[in-house]
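Here's the structure, in structure tokens; my notes come after.
The values are calculated or read from the model by the stated rules, or taken from the named source; none is laboratory data. Predicted model only: the values in this text are computed from it and were never measured. Here the Cβ positions follow ideal geometry from the backbone for every residue, glycine too, while neighbour counts run over all protein chains shown.
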Amino acid sequence: MSLPWLEEHMNALHERLQAGRLGHAPLIQGPEGVGKRELARWLAERILCLQPSGREPCGQCRSCELMASGTHPDFFAVDIPEDRQSIPVDAIRGLIEKMQLTPSVGAARVGMFVDADAMNRNAANALLKTLEEPAPGAWLVLCSDQPANLPATIRSRCQKVALRPPPFESAGQWLAGECGDVDEHNRRAALVLAGGAPLAARWMLKHGEFERGLAILETLVEPAADRRSGKLLDEWQQDAAGTWQWLARWLVLMMNRVRGVGSADLPMAARLPTDLPPGHVARLWEQALEGRRAAGSGSVRQDLSLGKWLLEWETLMESRSRR
């Protein structure tokens with residue numbers, strides 16, 4: 001999958017690597033859906049490739065073959081274990097041990113953090129020494145949607161690579177090539193709702209998430225909607241993090257409309273009420289953000305949290321209808 005907006009970053013990283021100026025711990029950061037992990041994977045392949053063809057990994061050497069098969073002995077991907085909510089310290093200690101071994105294929109080893117900001121405090125502390133005193137030929141490539149959640153001591157020892165969404169029209173053209181079977185208005189709306197992030201918009205459209213978001217909007221604004229039903233709560237908590245994210249998106253649009261900052265690309269936004277107390281809406285938005293964070297940590301019962309939020313929203317809508 002070609003991501004043309006990453007070309008500039010790939011060229012810059014290639015030049016730094018060639019000149020020996022690429023630090024041992026690039027931190028690729030930016031909003032969700034702009035290609036951080038794709039760029040990190042390319043960089044790992046480029047570092048490990050035995051016969052790079054200019055900027056690109058050759059795709060034919062032993063190292064490239066092993067990367068393609070997912071069995072490279074010098075590449076270590078670190079992610080949240082299935083039975084955990086964060087990256088534990090044991091995972092970092094295991095990575096450090098592997099990174100200190102002699103490379104099996106070439107002269108380099110690469111550890112890639114899929115979600116670096118998911119490290120718990122002990123894990124981050126364990127990684128710190130490796131960042132301060134990297135082993136020869138060892139590279140750590142970190143990806144982060146929310147770099148502010150990383151300890152300052154980690155961030156200060158990394159080399160930041162900041163990704164941003166591409167220009168809207170360029171992103172729209174790319175999305176049209178990926179989702180040509182989707183109506184243009186829906187593609188543009190998905191891109192707006194994704195904050196201009198092309199991969200996030202593509203995921204919405206390919207996985208039914210765009211339709212789910214519209215269904216959540218319908219529940220919020222439709223007067224006849226049964227917002228107190230147990231069935232609705234069961235549906236929403238099946239993907240609580242996604243539900244909270246959609247609630248936050250719609251509330252942001254609502255606050256924007258109150259300020260007169262509507263979007264022509266989102267005709268459905270015209271259905272959002274503009275006569276609710278701004279302070280109340282802002283508080284519900286903050287609760288949605290907190291709900292999203294809590295859903296990621298698994299520390300809160302989502303049925304109770306979502307039920308409480310829905311009750312407050314329902315009370316707000318009832319008070320509006322009585323005015």
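Brief remarks follow.
- Within segment 119-164, considering residues that are part of a strand (DSSP E or B) and among the polar types (S, T, N, Q), the one nearest to the chain's Cα centre (by Cα): SER144
- Residue match in segment 95-105 (condition: without any contact (Cβ under 8 Å) to a residue 12 or more places away in the chain, hydrophobic (A, V, I, L, M, F, W, C) and in the same structural domain as HIS9 (by TED's automatic domain parsing)): yes
- When residues of segment 220-233 are limited to those that are in a loop (DSSP other than H, G, I, E, B) and of a type in the set (Lys, Arg), the one farthest from the chain's Cα centre (by Cα): ARG228
- Selection status of LEU217, at pLDDT 95 or above, surrounded by 15 or more Cβ atoms within 10 Å (Cβ to Cβ) and either touching a Lys or Arg at 6+ places or on another chain (Cβ under 7 Å) or in a helix (DSSP H, G or I) (or both): no
- Some residue of segment 121-137 being under 14 Å from ALA44 (Cα atoms) and in the same structural domain as ARG62 (by TED's automatic domain parsing): yes
- Once segment 295-317 is narrowed to residues that are at pLDDT below 85 and either under 17 Å from LEU220 (Cα atoms) or assigned to a helix (DSSP H, G or I) (or both), the residue that is farthest from the chain's Cα centre (by Cα) is SER297.
- In segment 137-150, of all residues being among the aliphatic types (A, V, I, L, M) and surrounded by 23 or more Cβ atoms within 10 Å (Cβ to Cβ), the one that is farthest from GLY23 (Cα to Cα) corresponds to LEU142.
- Test: residue in segment 151-167 that is touching a helix residue (DSSP H, G or I) at 6+ places or on another chain (Cβ under 9 Å), surrounded by fewer than 15 Cβ atoms within 10 Å (Cβ to Cβ) and β-branched (Val, Ile, Thr): yes
- Lone qualifier among TRP236, TRP246, TRP203 - being aromatic (Phe, Trp, Tyr), under 17 Å from LEU272 (Cβ atoms) and assigned to a helix (DSSP H, G or I): TRP246
- The single condition among (1) part of a helix (DSSP H, G or I); (2) more than 26 Å from the chain's Cα centre (by Cα); (3) modelled with pLDDT of 85 or more that LEU276 does not meet is (1).
- Residue within segment 200-219 that is within 21 Å of the chain's Cα centre (by Cα), on the phi > 0 side of the Ramachandran plot and touching a residue at least 40 places away in the same chain (Cβ under 8 Å) present: no
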